[in-house]
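For reference, the structure discussed in these notes is given below.
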């Protein structure tokens, strides 16, 4: 007698709600991981994160959109947060330029004063020597 048994897959109704929820959570995590860690997502992490967390698009759809966008630059992102570094920035403020308006000379003067202040603090030079270099030091 030849008996074959067929394994029946549980139907949707037979599966518990917890199993269905677990599978859905796993599928969503896989989708988000594919978006954020894919080659396009790594080049544009901010947009990839936004699309992964706020849309229902597949990872392939998101990758297709990300390919068409410019690559994000950490430098440009820092510039948008910190502002441009240049003559008008806090590092080389135009109001602190030397009388001739030369940014390099102004920066060199700033470095010399800072070095003299450090030298006084460490005891390498006296406050009088620092004053001769144009550094105000409280004795």
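Note on the stretch 36-57: residues that are exposed (fewer than 15 other Cβ atoms within 10 Å of the Cβ) and outside any helix (DSSP H, G or I) total 2. For residue 111, the requirement of being surrounded by 11 or more Cβ atoms within 10 Å (Cβ to Cβ), under 31 Å from the mean Cα position of the chain (by Cα), in a helix (DSSP H, G or I) and at pLDDT 80 or above is not met.
The values are calculated or read from the model by the stated rules, or taken from the named source; none is laboratory data. Small disclaimer: the values here were computed from a predicted structure and weren't measured. Backbone-built Cβ (ideal geometry, glycine too); neighbour counts: all protein chains shown.
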